[in-house]
Amino acid sequence: MAVGRAEAVRLVSQALISAALLVAATASDGAFAKTRVTTLTGVVTHVSDGDTLWVRSTADARQRKPVKVRLLGIDAPERCQSGGREATAALQTRVLHRQVIVRVVGKDIYDRWLGNVRLEGQDVGAWMVLEGHAWSHRRDGRADTYVAEEHEARMARRGVFGEPDAIEPRLFRQQHGPCD
């Protein structure tokens, strides 16, 4: 089966990310061990879009600079895509200036921390999908992380799932490229 250039780039990127995460998870010393973090407790200082936020540690007084965190398991609409502004606003309303706990699993190719974000015990990624502000992560074209939440949002036609022509962000990026 022939694969388009964009799909080939995506597949190679996924393979590289998986390999990097495996190396980081098994490293016992060296550069990866220095950046390896299990959890980060901090205050959200900024929300870039529907699946990216900035967290300043409250546990380490020396760390004054917030770190960029990509919510693991979801894909929110791009800012220039239908539903993108709403997704960003929803995430801002939910977490901005509030303390969260991030379970970090590694970094992505854009040097963002990848993690599961919790606010008052609630999984923020699950909440974004359940409210219709993001799709569950896809593997082989099928939801794999928040399957039940996406199904419920689709059945209730919440957010992007109420739009008849809604397009998954990964397909939007393939067709239109990144937002400027």
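The values are calculated or read from the model by the stated rules, or taken from the named source; none is laboratory data. It should be emphasised that the depicted structure is a prediction, and the values quoted were computed from it without experimental measurement. Positions of Cβ are generated from backbone atoms using ideal geometry, with glycine treated the same way; all protein chains shown enter the neighbour counts.
Going through the range 83-104 one residue at a time, which ones are within 15 Å of VAL67 (Cβ to Cβ) and surrounded by 18 or more Cβ atoms within 10 Å (Cβ to Cβ)?
Those that are within 15 Å of VAL67 (Cβ to Cβ) and surrounded by 18 or more Cβ atoms within 10 Å (Cβ to Cβ): VAL95, VAL100, VAL102, VAL104.
Check off (1) modelled with pLDDT of 95 or more; (2) among the β-branched types (Val, Ile, Thr); (3) crowded, with 16+ Cβ neighbours inside 10 Å for THR145 and give me the number that stays unchecked.
(1)
Checking ARG173 against (1) outside any strand (DSSP E or B); (2) crowded, with 19+ Cβ neighbours inside 10 Å; (3) over 12 Å from the mean Cα position of the chain (by Cα): exactly one of these is not met. Which one?
Failed condition: (2).
Each row is one residue, and each column tells you yes or no for (1) outside any helix (DSSP H, G or I); (2) of a type in the set (Phe, Trp, Tyr); (3) in contact (Cβ under 8 Å) with a residue 40 or more places away in the chain; (4) out of contact with any Gly (no Cβ under 8 Å at 6 or more places or on another chain).
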{"residue": "GLY125", "(1), (2), (3), (4)": "no, no, yes, no"}
{"residue": "THR145", "(1), (2), (3), (4)": "yes, no, yes, no"}
{"residue": "ALA148", "(1), (2), (3), (4)": "no, no, no, yes"}
{"residue": "ALA153", "(1), (2), (3), (4)": "no, no, no, no"}
{"residue": "PHE161", "(1), (2), (3), (4)": "no, yes, no, no"}
{"residue": "PRO164", "(1), (2), (3), (4)": "yes, no, no, yes"}
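Might you let me know whether the range 56-76 holds any residue that is in a strand (DSSP E or B), hydroxyl-bearing (Ser, Thr, Tyr) and closer than 18 Å to THR145 by Cβ?
Just the residues of the range 56-76 that are in a strand (DSSP E or B), to begin with: 56-57, 67-71, 74-75.
Okay, now just the ones that are also hydroxyl-bearing (Ser, Thr, Tyr), so 57.
Pick out the ones that are also closer than 18 Å to THR145 by Cβ and you get none.
So far as the range 56-76 goes, no, none of its residues is in a strand (DSSP E or B), hydroxyl-bearing (Ser, Thr, Tyr) and closer than 18 Å to THR145 by Cβ.
State which residue is farthest from GLY73 (Cα to Cα) when the search covers only the range 133-143 and only residues that are touching a helix residue (DSSP H, G or I) at 6+ places or on another chain (Cβ under 8 Å) and in contact (Cβ under 8 Å) with a residue 60 or more places away in the chain.
HIS133
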